[in-house]
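Structure, as structure tokens:
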Amino acid sequence: MRVVLINGSPHKNGNTALALQTVADALQERGIETETIQVGNRMIRGCMACGACSKTGRCAFEKDDFHALCEKVYTADGLIIGSPVYYAGVAGTMKAFLDKLFYASAGRMRHKVGAAVAVLRRSGGMSTFDELNHYFLISEMVVAPSSYWNIIHGAKPGEAAQDAEGLDTLRVLAANMAWLLQMKEQTAKTLPPPPAMDRARTNFIR
Ligand SMILES: Cc1cc2nc3c(=O)[nH]c(=O)nc-3n(C[C@H](O)[C@H](O)[C@H](O)COP(=O)(O)O)c2cc1C
């Protein structure tokens, strides 16, 4: 089983990297393969709402390397998205990446196990954690829990190593995520997931 971890920070070795490595180490200890991808240092423009991805499954404005990243996520069993908090929200490049990844996904995220991690100096963790979870919950993903919300504190790169409770929260998250992934694998034949259902789309006015 394979989990992809997305680092939404521009810093390769910042606090988000440290937080994601903590989860990755704990997943690997439980036999889960991991791959961490940094997107926060890339040039990714915001979604242009052209709708092309609904026909092709790919963003018309992005190149092959972007689509290769998306493919890694679409073929993984689990996904962790980690973002530094910028103005009490998801960092801009990460938001551009997630909007495109999920908008073009056409059901490919369904029933994957996911978890979000917010990384910050002081305040805005809950709003960012909430924002990140929106991607999972509208995609019928299974969200892995922990013993606290997955938020870890640090300002300068590396400071998050001092947030003992934040680190433990991430280790509990990894243990629960590994368990969910193993449960899914072991019950794949005996308890298949429900099929996708059609839904009304009313836009509130019609
Ligand atoms: C543009 C910008 C906005 C930020 N806004 C917040 C904020 O609203 N709340 C907060 O606690 N920290 C804020 N920070 C601090 C970062 O979230 C913090 O330094 C974090 O550890 C960075 O993670 P990284 O090392 O992975 O890049 C901001 C940093 C930047 C560059």
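The values are calculated or read from the model by the stated rules, or taken from the named source; none is laboratory data. Small disclaimer: the values here were computed from a predicted structure and weren't measured. Every residue, glycine as well, gets a Cβ built from its backbone with ideal geometry; the counts of neighbours run over all protein chains shown. Keep in mind that these areas ignore ligands, DNA and RNA; they rest on the heavy atoms of the full protein, side chains included. Shrake-Rupley method; radii C 1.70, N 1.55, O 1.52, S 1.80 Å.
Using protein chains only and a probe of 1.4 angstrom, how many square angstrom of R42 are accessible, to the nearest 10?
For R42, solvent-accessible area is about 90 Å².
Between A161, A196, A178, where does the largest GNM mean-square fluctuation fall for the chain, given springs only between Cα atoms within less than 10 Å?
A196
Keeping to pairs on different chains or 8 or more places apart, tell me how many lysine pairs in the chain have Cα atoms under 17 Å apart.
Close lysine pairs found across the chain: 9.
Once the piece of chain linking K55 and H111 is laid out straight, how much longer is it, given 0.36 nm per residue of separation minus the C-alpha distance between them?
Working: separation 56, 0.36 × 56 = 20.16 nm, distance 2.22 nm.
My answer for the length gained is 17.9 nm.
Can you pull the accessible area of M48 for me, 1.4 Å probe, Å² to the nearest 10?
It works out to around 100 Å².
Tabulate in residue order the Karplus-calculated ³J(HN,Hα) for the range 6-22, using 6.51 cos²θ - 1.76 cosθ + 1.60 with θ = phi - 60°, rounded to whole Hz; enter x for Gly and Pro.
Calculated HN-Hα couplings, in order: 9, 9, x, 8, x, 8, 5, 10, x, 6, 5, 4, 4, 5, 5, 5, 4 Hz.
Can you sort H111, H134 by 1.4 Å-probe accessible area, starting with the largest? Walk me through the numbers on the way to the answer.
Working: H111 35, H134 95 Å².
The residues order as H134, H111, largest area first.
Considering the options P194, V3, T22, tell which one lies farthest towards the positive end of the dipole of the chain, charges being +1 on Lys and Arg and -1 on Asp and Glu at the Cβ, about the Cα centre.
Value computed over the given set: P194.
Taking 0.36 nm per intervening residue step and subtracting the Cα-Cα distance, what contour gain separates R45 from R206 on full extension? Could you put the intermediate results ahead of the total?
Numbers: separation 161, 0.36 × 161 = 57.96 nm, distance 3.23 nm.
The R45-R206 span can extend by a further 54.7 nm.
Give a residue-ordered list of calculated ³J(HN,Hα) values for the range 163-176 (Karplus: 6.51 cos²θ - 1.76 cosθ + 1.60, θ = phi - 60°; whole Hz; x for Gly, Pro).
The phi angles translate into 8, 4, 5, x, 5, 5, 4, 6, 5, 5, 4, 4, 4, 5 Hz.
In Å², what does the accessible area per residue of the chain work out to with a 1.4 Å probe? Don't skip to the answer; put the middle values down first.
On the way: 11440 Å² over 206 residues.
Value for the chain: 56 Å² per residue.
S147 to I37: FRET efficiency via 1/(1 + (r/R0)^6), r the Cβ-Cβ distance, R0 25 Å, to the nearest 0.05?
FRET efficiency, S147 to I37: 0.40.
Rank D130, D64, D198 by accessible area, highest first, at a 1.4 Å probe radius?
Numbers: D130 80, D64 110, D198 160 Å².
Sorted by accessible area, descending: D198, D64, D130.
Starting from the Kirkwood radius over alpha-carbon pairs of the range 167-206, derive D by Stokes-Einstein at 10 °C in a medium of 1.306 mPa s and give it in µm² s⁻¹. Walk me through the intermediate numbers first.
Details: Rh = 13.4 Å.
Translational D for this selection: 118 µm²/s.
Would you list S83, S54 from the most to the least accessible area, probe 1.4 Å? Present the calculation step by step, with values, prior to reporting the outcome.
Working: S83 0, S54 95 Å².
Listed by decreasing accessible area, they come as S54, S83.
Amide H of A116 versus every other amide H placed in the peptide plane: which residues, excluding those fewer than 5 positions away on the same chain, fall under 5 Å?
Excluding prolines and chain starts, which carry no amide H, the hits are I81.
Quick check: at a probe of 1.4 Å, how many percent of the accessible area of the chain sits on carbon and sulfur atoms? Mind showing how you got there, number by number?
Details: 6260 of 11440 Å².
In the chain, the share of accessible area belonging to carbon and sulfur is 55 percent.
Considering only DSSP beta bridges whose two residues both sit in the range 2-186, what percent are antiparallel, to the nearest 5?
On the way: 2 of 25 bridges.
In the range 2-186, DSSP labels about 10 percent of beta bridges as antiparallel.
Roughly what would the spin-label model give for A164 and K72, points 7 Å off Cα along C-beta, in nm?
Distance between the two pseudo-spin positions: 3.4 nm.
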